[in-house]
Amino acid sequence: MHLIVGLGNPGDKYRHNRHNIGFMAVDAIARRHNFPGFREKFQGLISEGTIDGEKVLLLKPQTYMNSSGDSVQAATKFYKLGPTDVSVLYDEIDLAPGKTRVKVGGGNGGHNGLRSIDPQIGLGYRRIRLGVGHPGHKDLVMPHVLGDFSRAEQAWLVPLLDAVADNAAMIVKGDDNGLMNKLALAVQGDGAERAQRPDTADPTRKKAPAQSHIRAARPTQPQAQVPETGPMADMLKKLFGKKD
């Protein structure tokens, strides 16, 4: 069994906070892979199912962020899981919005959820950091993470959560590099799609031949009219000969 933990705070007040992106990711996985409804256990909400043939337990600790380790430790103890059987998804202010990093082991980076988990199950679990950006000053960090995602942020948040759900098998199998690549491509997808669009709304319309920058810069001049009669016409006929 693999335990996938999403970190956040319980209750409607925090539901859409940046700090709750871990909960959002676990919910997306549950929906995509048809997990049953969450139920209360281990001081959290759990749901059991399978992903790519592997048994998976999804956990959303309900102990509030600073005590997340109590719930995680209870689940790992019951199922006799080691740190390598655990993956934790959480918000990371030191990553740009939509950026992700996946790593086994390491420090807590000042994240209170990890600070609670580390001493209770050990350091060797997978950390899936989901970037929410930094507000620019340390005094603004708390209102930033406890603030709701803006409408503009949905442009990267929705594709990111969808990609986490689509590629949850990579979490279970420990394909960290593959997972990071998939998540990065998902967030960049909108820009890549725009780059591939035709220059015109009608892709069947032929483009005009390209001009050199010199020719394109020249103003269009009306062509001079050659007189058919008069002294100028007589002179031109003598020089170039009269055409039939």
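The values are calculated or read from the model by the stated rules, or taken from the named source; none is laboratory data. In this text the structure is predicted, and so the values were computed from the model without any measurement. Cβ placement follows ideal geometry from the backbone for every residue including glycine, while neighbour counts extend to all protein chains displayed.
Residue-level check: of (1) part of a strand (DSSP E or B); (2) within 24 Å of HIS144 (Cα to Cα); (3) β-branched (Val, Ile, Thr), ILE46 misses just (2).
When the stretch 109-133 is filtered for residues that are surrounded by fewer than 16 Cβ atoms within 10 Å (Cβ to Cβ) and either touching a Pro at 6+ places or on another chain (Cβ under 9 Å) or under 21 Å from MET180 (Cα atoms) (or both), the ones remaining, listed by number, are GLY109, GLY122, LEU123, GLY124. Scanning the stretch 13-45 for residues that are surrounded by 21 or more Cβ atoms within 10 Å (Cβ to Cβ), of a type in the set (A, V, I, L, M, F, W, C) and free of Cβ contacts under 8 Å to residues at least 60 places away in the same chain yields PHE23, ALA30, PHE42, LEU45.
Residues that are in contact with an Asp or Glu (Cβ under 8 Å, 6 or more places away or on another chain) and modelled with pLDDT of 95 or more were ranked within the stretch 100-110; the one that is farthest from ALA74 (Cα to Cα) is ARG101. Going by what's in this entry, would VAL88 be described as modelled with pLDDT of 95 or more and either in contact with an Asp or Glu (Cβ under 9 Å, 6 or more places away or on another chain) or not in a strand (DSSP E or B) (or both)? For VAL88, the condition - modelled with pLDDT of 95 or more and either in contact with an Asp or Glu (Cβ under 9 Å, 6 or more places away or on another chain) or not in a strand (DSSP E or B) (or both) - is not met.
One residue stands out among those in the stretch 134-173 that are buried (at least 18 other Cβ atoms within 10 Å of the Cβ) and β-branched (Val, Ile, Thr): the one that is farthest from the chain's Cα centre (by Cα), which is VAL172. Considering every residue within the stretch 153-162, establish whether at least one is in a helix (DSSP H, G or I) and without any contact (Cβ under 8 Å) to a residue 24 or more places away in the chain. Yes, the stretch 153-162 contains at least one residue that is in a helix (DSSP H, G or I) and without any contact (Cβ under 8 Å) to a residue 24 or more places away in the chain.
If a residue must be in a loop (DSSP other than H, G, I, E, B) and more than 27 Å from the chain's Cα centre (by Cα), how many such residues does the stretch 91-127 contain? Before you say what the answer is, go through the steps one by one.
Residues of the stretch 91-127 that are in a loop (DSSP other than H, G, I, E, B), as a first pass: 93-99, 105-111, 122-125.
If we keep only those that are more than 27 Å from the chain's Cα centre (by Cα) as well, we get 122.
Matching residues across the stretch 91-127 total 1.
Does ALA184 satisfy the criteria of being within 19 Å of the chain's Cα centre (by Cα), surrounded by 15 or more Cβ atoms within 10 Å (Cβ to Cβ) and over 19 Å from VAL5 (Cα atoms)?
Details: within 19 Å of the chain's Cα centre (by Cα): yes; surrounded by 15 or more Cβ atoms within 10 Å (Cβ to Cβ): yes; over 19 Å from VAL5 (Cα atoms): yes.
Yes.
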